[in-house]
Amino acid sequence: MNNRLPEFRERHDLTQGELAAVVGVSRQTINAIERDRYDPSLELAFDLADCFDCAIEDLFDPGADGD
Amino acid sequence: MSSTQSTTDGIEDAEAALDRRKRYKRLVYGAMAVGIVGYLVLLGAWNVYGGDMLAVAGVAVYWLGLVVGMGVYYRSPVAIDDERDERIASEAAGLTLTVAAGVLILGGPGMVTLSQTGVYEAPPEFAGAMWGYAALFGVFAVAMGYAERKFA
């Protein structure tokens, strides 16, 4: 799944560690999401969207193949 | 209070919560490590000096460390693992079961058949391992039933 997490995070001037702390996961989890190595749960995706005050589909895109 | 100050406070609170999780995680693994190392040290001392109380104390230290570690893991006020940690553990458990299933599927019937025909007698350790794997899948079946009821 494609995501624009790095772009949103940098726009809000947050480090991976700070974003991780805000949504209650480890920094490694944020890193894995940003590198498309891990797809977050719906709950975490909502928390991330809530953190950036945007819609989930602004942050995540299933991509052409739906992965 | 300005929004910047509020955001900074929010991040600091969140980081404090994450630090708390890390402390509990260290406590869990620290208690388990003390239990295991204590067991090995006391067992080593028992081998050198004798005295069954040393061996018994080793087992007690091991149990205590593991029970404290698991107690903190399951009863801590903060979640020790996040969702990615749980996914990793779940995948690792699935892989382990796949390997165990492969060994049991190939080894179990082969062991019984070869033993019955007298062609090959597997060592008792192998038979023990097969029974252990079979018991593991018995537990897995019960766990699957429990988990399915949770999501039904």
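Where a number appears in this text, it was derived from the coordinates with a stated rule and is not lab data. Note that this is a predicted model, so its numbers are computed, not measured. Here the Cβ positions follow ideal geometry from the backbone for every residue, glycine too, while neighbour counts run over all protein chains shown.
Karplus couplings for the range B:29-41 from phi (6.51 cos²θ - 1.76 cosθ + 1.60, θ = phi - 60°), rounded to Hz, Gly and Pro as x?
Along the range B:29-41, the couplings run 6, x, 4, 5, 5, 4, x, 5, 5, x, 4, 5, 5 Hz.
Considering the Cα positions of the range A:6-65, please state its Rg to one decimal place and its Dmax as a whole number of Å.
10.7, 32
What does the charge count around B:Ala143 come to, taking other residues whose C-beta lies under 12 Å from its C-beta (Lys +1, Arg +1, Asp -1, Glu -1)?
Charge balance in the 12 Å sphere: +1.
Hey, got a sec? Which trypsin sites (Lys or Arg not before Pro) in the range A:6-67 land in a DSSP loop and have at most 12 other Cβ atoms within 10 Å?
Answer in residue order: A:Arg35, A:Arg37.
Quick one: if the Förster radius is 22 Å, what FRET efficiency do B:Ala122 and B:Leu40 give, using the C-beta to C-beta distance and rounding to 0.05?
0.10
Taking neighbour Cβ counts within 10 Å as the exposure measure, how do B:Val56, B:Val48 sort from fewest upward?
By the 10 Å Cβ count, ascending: B:Val48, B:Val56.
From the square roots a ≥ b ≥ c of the eigenvalues of the alpha-carbon gyration tensor of the protein assembly as shown, which class results: rounded (a/c under 1.5), prolate (a/b over b/c), or oblate?
It is oblate, given that a/c is not under 1.5 and a/b is not larger than b/c.
Of the GluC sites (Glu not before Pro) in the range B:106-152, which ones lie in a loop per DSSP and count no more than 15 other C-beta atoms within 10 Å?
Passing both the DSSP loop test and the Cβ count: B:Glu121.
For B:Ser90, A:Ser26, A:Ser41, what ranking results if the residue with the fewest other Cβ atoms within 10 Å of its Cβ goes first?
Result, fewest neighbours first: B:Ser90, A:Ser41, A:Ser26.
Would you mind pulling out the separation of the Cα centroids of the range B:34-89 and the range B:94-150, in Å?
Centre-to-centre (Cα) distance: 28 Å.
Just subtract the alpha-carbon distance of B:Asp19 and B:Ala152 from 0.36 nm times their residue separation and send over the number in nm, one decimal.
Length gained, B:Asp19 through B:Ala152: 44.3 nm.
How many nm separate the modelled label positions at B:Glu86 and A:Ala55, each set 7 Å beyond the Cα in the direction of the Cβ?
A separation of 2.8 nm, rounded to one decimal place.
How big is the convex hull of the Cα atoms of the range B:8-134, per residue, in Å³?
It is 148 Å³ per residue.
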